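Take a look at the structure set out below.
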Amino acid sequence: MIDKLICENISNNVLDDDVAVLLSGGVDSISVALAAQSLGKNIHAYSFYLDNYENYDYNKAYEISKVHGWKFTGIVIDTSKLEEDWYRLVELGCKKKTHYECVYPFMYVYPKIKEKYVLSGWAADGYFGVSKKALINYKHTKEKFDEFRDNYFLPENQAGYLWHKKISDKYTIYGRKKGRKTIHSADKDLIVNYKINLQKDIKKNKKNIIDVGSGNGENTLFLAKKNPEALIIAIEIYQDGNINLCNQLSNLKLFNVKIFSSNVHKLLDHLNKDNYFSEIWILFPDPWPKKKHYKRRLINDDFFTKVYPYLKTNGKIFIATDSSSYLKSIMNSIYKTKSLFNWLNNKPENWIYEMLDLPCTKFFKKAQNAYRTSFFIELVKI
C-alpha cells in the first residue's frame, strides 16, 4: 500500500525523467528512490559528510547507489567556516538548536543539485509513528494517534519541508516557479512529446537556437516558423507556459521545437563546452528592479563568459528589456566582455524593439501598456 502511494505521488508530481534523491542509509529515502526507479526515473543520489569523516549514512548511501546503478554525488561539508555559516543560518531564520543542526549541511548540498525535482524521506517518522512526539500520542487510543498524524501533515506543521524549500529557493537559480497545482494527464503527455533529449536532439552540425524564458511561447513560435530547418529549444520552468506552447505547437503542426523545463544554466551544465548554438534569445528576462535583488538578474558578466564557449563561430545573442536600469547593467557587462562579443546594433536609434520585425510577446505588450520603451540588443561572438 505504501509503495503504491509513493509511486502515485511521484507519477503525478514529477514530470522530469531525471530526479535528485537526498539519500541516507535509512529506509525512508531508499524506499522513495526505489519507487522512483520503478517508474523509470533516472536517480541521482546526493549524500554528505563533515570534513574527512565518512559517516555510516554516507557510506550506506554510496553502497546502495552502487548496487542499484544510481549516479552518486558525495558532498564534503567544510566546517572551517562555521562562524560565517552561523550568520547565514540566522539570515535564513534559524532559531532552535535543531534548526541549525538540520539546515546547516543543506546550504552546501542544494547548490550541487542539478535536477529540478528533489525527493527525500522526510516525515516518514510521523507517518509511521516512530518519532518522539508520535510515540507519546500512540500510548493513547488509535483515534488519538490518527488525530496526531492528521495534524502532523498539515502544511503549516511541515517544518522539515518548509526549511528545505526555503534553502532550495535561496540556493537555486531565481525565477518564477509557480504554476497550476494539478496538470491533466493529456497535458502531461503533450509535454513529454516535446521534451528534449539532450544527448540525441542537440547535434553540432545543425542550427540550434535557444529561447531562454520562453513563457507562453510567442517568440518560440516566431523562431520555429522563421527557421524551419533549425532546432528551437524553449527553456521555461513555468509549467503553464510550457503547456500553452505545446498546445500551439500541436495545433500548428510544428515539429522543430523541444522544451527544457528548467533554467539555461542547468541546460549548459548538462553539455560539454562546445559550439552547439547558433543563436541565444533572451526576451524580457525578469528585471529584478530592487537594488538588493540585482544579483538575481540572469544577464551579467559571468553569464556572457559562461555562454561564450557554447556558441558557434559568429553565433549571436539577442536580448530585449523594458527596464532602463537593467539595460544599463547589460551595457556595462557588454563593455566588460568586449573581447568576447561585438555589439552589432550599438547605435541608440537601432535599439527600439517595436521598430523591428520581432514578436509581440506578453511582456512587450505590458511595457507598451505602461508606456515603457522596449530595447533590443544584438551581439555576435568574436
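At least 3 residues that are modelled with pLDDT of 80 or more and β-branched (Val, Ile, Thr) in each: list the strands (runs of 3 or more DSSP E) lying fully within the range 1-115 that qualify. Give the steps one after another, and end with the answer.
Working: elements: 18-22, 42-50, 71-77.
Where strands (runs of 3 or more DSSP E) fall fully within the range 1-115 and carry at least 3 residues being modelled with pLDDT of 80 or more and β-branched (Val, Ile, Thr), they are 71-77.
If I ask for residues that are in a loop (DSSP other than H, G, I, E, B) and either among the hydroxyl-bearing types (Ser, Thr, Tyr) or in contact (Cβ under 8 Å) with a residue 60 or more places away in the chain (or both), which ones from the range 272-299 would you list? Hits for the range 272-299 are 274, 275, 276, 284, 285, 286, 288, 298. In the range 327-365, of all residues being part of a loop (DSSP other than H, G, I, E, B) and among the basic types (Lys, Arg), the one that is modelled with the highest pLDDT corresponds to 338. Looking only at residues in the range 1-60 that are touching a Leu at 6+ places or on another chain (Cβ under 9 Å) and among the charged types (D, E, K, R), which one is surrounded by the fewest Cβ atoms within 10 Å (Cβ to Cβ)? The extreme case among them is 3.
Taking the range 316-367 on its own, how many of its residues are of a type outside the set (S, T, N, Q) and touching a Pro at 6+ places or on another chain (Cβ under 7 Å)?
Step one: filter the range 316-367 for residues of a type outside the set (S, T, N, Q), giving 316-320, 322, 326-328, 330-331, 334-336, 338, 340-341, 343-344, 347-349, 351-360, 362-367.
If we keep only those that are touching a Pro at 6+ places or on another chain (Cβ under 7 Å) too, we end up with 326.
Number satisfying all stated conditions: 1.
Selection of the range 327-341 for residues being in contact with a strand residue (DSSP E or B) (Cβ under 9 Å, 6 or more places away or on another chain) and under 26 Å from residue 360 (Cα atoms) yields 327, 330, 331, 334. Quickly run through the range 101-129 and pick out the residues that are surrounded by fewer than 16 Cβ atoms within 10 Å (Cβ to Cβ), farther than 21 Å from residue 31 by Cα and either of a type in the set (Val, Ile, Thr) or free of Cβ contacts under 8 Å to residues at least 24 places away in the same chain (or both). Listed by number, the list holds a single entry, 101.
Please enumerate the residues belonging to the range 239-265 that are out of contact with any strand residue (DSSP E or B) (no Cβ under 8 Å at 6 or more places or on another chain) and surrounded by fewer than 19 Cβ atoms within 10 Å (Cβ to Cβ).
In the first step, residues of the range 239-265 are kept if they are out of contact with any strand residue (DSSP E or B) (no Cβ under 8 Å at 6 or more places or on another chain); the result is 239-241, 243-244, 247-248, 250-255, 265.
Across the range 239-265, the qualifying residues are 239, 240, 244, 247, 248, 250, 251, 252, 253, 254, 255, 265.
Quick one: would you say residue 40 is out of contact with any helix residue (DSSP H, G or I) (no Cβ under 9 Å at 6 or more places or on another chain) and not charged (D, E, K, R)? Working first, answer last.
Values: out of contact with any helix residue (DSSP H, G or I) (no Cβ under 9 Å at 6 or more places or on another chain): yes; not charged (D, E, K, R): yes.
So residue 40 passes the test.
Screening the range 304-324 for residues that are loosely packed, with under 14 Cβ neighbours inside 10 Å and part of a helix (DSSP H, G or I) and picking the one that is nearest to the chain's Cα centre (by Cα) gives 305.
The values are calculated or read from the model by the stated rules, or taken from the named source; none is laboratory data. Bear in mind the structure is a predicted one, so any value in this text is a computation, not a measurement. Quick reminder, even Gly has a Cβ in these numbers, built from the backbone with ideal geometry, and neighbours come from all protein chains shown.
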